[in-house]
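The numbers here are math on the coordinates, done by the rules we state, and not lab data. Since the structure is predicted, the reported quantities are computational estimates derived from the model, not experimental observations. As a convention, Cβ positions derive from the backbone with ideal geometry for all residues, glycine included, and neighbour counts pool all protein chains shown.
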Amino acid sequence: MTEKTTILNLSEDELVHPGNRACAGCGLSIVYRIGLKALGRDTILVVPPSCLTVLQGLYPIAATQLPCLNVTFASTAAAATGVLGALKAQGRESTLVAAWAGDGGTSDIGIQALSGACERGENFIFICYDNEAYMNTGVQRSGTTPQGVITTTTPFSGKSQKKKDVPSIIAAHGIDYVATASAAYPLDLYDKIVKAKTMNGPKYIHIHTPCPAGWGFNPRFTVKIGKLAVETGLYDLYEIENNKWRLTGASKKLIGKKRTPVNEYFNTQNRFKALSDEQISDIQKEVDIKWQSYDETYGN
Ligand SMILES: Cc1ncc(C[n+]2csc(CCOP(=O)(O)OP(=O)(O)O)c2C)c(N)n1
Ligand code: SF4
Ligand SMILES: [Mg+2]
């Protein structure tokens, strides 16, 4: 039987240096530290412009010990494809290539390169940390910003459109592994990355990543808010492995249970303050319908 992952048996190899340029309480700091532990030393990172490039630091400073290619916004998956080609030419195909992009760099600006790489079947892991806006440039709305959220480009009544479902778009390419994760559940993320490493072809992991600066909450509540997103049923943890969809971790435990009302999540963050009672009630109904179908399909 494989040993259950706990905080005690994670790799002690720290690939992210202590101290970096991310804001205090940044969810990305959590997922990057744990994510790189799961990826391991024999990894080349490919990163587009984002808060992650800020976290990494300006040359000659680097926040990680791994080689990292900073590439243009639209080209992350194409550049990762180029790195795979170079490694093949050098006979180094066991080296892992991992792209890490924000939601803007994944769901909007980088989506054509990502779609192409998935369709071609490139052997890499693409990780999207979703802080639900273009944070590095001052909190502009992105395709994955939820409906009703105030950003600097949706300043009064919030974003009108719904959140783009990127994991489903990527899953529609028929790749072998798609998973969602959360900064609030780092061990679940760790296990998913470790599993992705064992598979061939493109692997996609989408991480809900709370951002105190852009979401408007006290930095000490990053994990609490990440957990609330899952406990309310707004953000689901799941895997699609060889076309089989299943809830995992904390979301799986919610099947057949009472969920926390969605307004408890909304009340924790300034970005939701434009939501009316009617909008909140509509969102609650949508979540209830989704979970009713989970309960019927996956409950006992
Ligand atoms: C083609 C192009 N357009 C715009 C920018 C400016 N820019 C740099 S980072 C960034 C925001 C990235 O947002 P996201 O991918 O969500 O990552 P986050 O900053 O939220 O971590 C933008 C718009 C750029 N570098 N290149
Ligand atoms: S703006 Fe948000 S995602 Fe960017 S470094 Fe600060 S807390 Fe992290
Ligand atoms: Mg973002």
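H17's amide H: which non-local residues (gap 5+, or another chain) put their own amide H closer than 5 Å, with H modeled 1.01 Å from N in plane and none for Pro or chain starts?
Hits under the 5 Å cutoff: T64, Q65.
Could you give P(r) for segment 246-289, binned at 10 Å from zero, as whole percent values over all Cα-Cα pairs?
In whole percents, the pair-distance histogram is 24, 46, 27, 3.
Is there a quick way to get the dipole size of segment 77-179? I mean about its Cα centre, with the Cβ of Lys and Arg at +1 and of Asp and Glu at -1; what is the value in debye to the nearest 20? Don't skip to the answer; put the middle values down first.
Details: 8 positive and 9 negative charges, 37 e Å.
Result for segment 77-179 is approximately 180 debye, rounded to the nearest 20.
Hey, what's the Cα Rg ratio for the chain versus the globular rule of thumb, 2.2 N^0.38 Å? Display every interim value, and only then the final one.
On the way: Rg = 18.5 Å, N = 300, 2.2 N^0.38 = 19.2 Å.
Dividing the Cα radius of gyration by 2.2 N^0.38 Å gives 0.96.
Figure the gain on full extension for K88 and R220 (residue separation times 0.36 nm, minus the Cα-Cα span) and round it to one decimal in nm.
Extending this stretch completely gives an extra 43.1 nm.
What net charge do the residues around T232 carry, taking every other residue with its C-beta under 10 Å from that of T232, with Lys and Arg at +1 and Asp and Glu at -1?
Numbers: positive: K227, R259; negative: E231, E264.
Counting the neighbours of T232, the net charge comes to 0.
Remind me, relative contact order of segment 27-298 in percent, using alpha carbon pairs under 8 angstrom and six or more residues apart? It would help to have the intermediate numbers written out before the result.
Numbers: 519 pairs, mean separation 46.1, N = 272.
RCO, segment 27-298: 17 percent.
Determine, for each peptide in 164-170, 122-128, the mean count of other beta carbons within 10 angstrom over its residues, then list the peptides with the highest first.
Details: 164-170: 18.1, 122-128: 23.9.
Taking the mean over residues of other Cβ atoms within 10 Å, the ranking is 122-128, 164-170.
Roughly how many Å is it from the Cα centre of segment 1-75 to that of segment 119-155, as a whole number?
Rounded to whole Å, the Cα centres lie 18 Å apart.
Can you sort T268, T209 by how many other beta carbons sit within 10 Å, fewest first? Mind showing how you got there, number by number?
Working: T268 19, T209 27.
In increasing order of surrounding Cβ atoms, one gets T268, T209.
So who's got an amide H within less than 5 Å of the one on A181, skipping anything under 5 residues away but keeping other chains? H placed 1.01 Å off N, in plane.
H206, I207, H208
Once both labels are modelled 7 Å past Cα along the beta-carbon direction, what's the I255-S276 spacing in nm?
Result for the modelled spin labels: 3.8 nm.
Give the span of segment 175-300's Cα atoms along each principal axis, as three whole-Å numbers ordered largest to smallest.
So the three principal-axis extents are 45, 35, 21 Å.
So which chymotrypsin sites (Phe, Trp or Tyr not before Pro) in segment 140-241 end up in coil per DSSP with only 11 or fewer other C-beta atoms within 10 Å? Kindly include the intermediate steps, with their values, before the conclusion.
On the way: sites: F156, Y177, Y190, Y204, W215, F217, F221, Y235, Y238; in loops: F156, F217, Y235.
Counting only loop positions with at most 11 other Cβ atoms within 10 Å, the chymotrypsin sites (Phe, Trp or Tyr not before Pro) in segment 140-241 are F156.
Taking neighbour counts of Cβ atoms within 10 Å as a proxy for exposure, in what order, fewest first, do L84, L114, L52, L69 appear? Write out the running numbers ahead of the final one.
On the way: L84 21, L114 28, L52 25, L69 16.
Lowest to highest Cβ neighbour count: L69, L84, L52, L114.
List the extent of the Cα atoms of segment 24-92 along each of their three principal axes, largest first, rounded to whole Å.
Per principal axis, max minus min of the Cα coordinates gives 41, 25, 22 Å.
Quick one: which of 287-295, 191-199 comes out on top by average Cβ neighbours within 10 Å, and what's the full order, highest first? The partial results should precede the final answer.
On the way: 287-295: 13.8, 191-199: 18.7.
In decreasing order of mean packing, 287-295, 191-199 become 191-199, 287-295.
Tell me, what HN-Hα J-couplings in whole Hz come from the Karplus equation 6.51 cos²θ - 1.76 cosθ + 1.60 at θ = phi - 60° for each residue of segment 287-297, using x for Gly and Pro?
Once θ is set to phi - 60°, the couplings for segment 287-297 become 5, 5, 5, 4, 6, 4, 5, 4, 4, 5, 7 Hz.
May I ask you to derive the FRET efficiency for N242 and N9 from their Cβ-Cβ distance with R0 = 35 Å, giving the value to the nearest 0.05?
Working: r = 27 Å, r/R0 = 0.78.
With a Förster radius of 35 Å, E is 0.80.
For a quick check: with amide H placed at 1.01 Å from N, whose amide H comes under 5 Å from L69's, ignoring anything fewer than 5 positions away on the same chain?
HN-HN under 5 Å from L69: L45, V46, V47.
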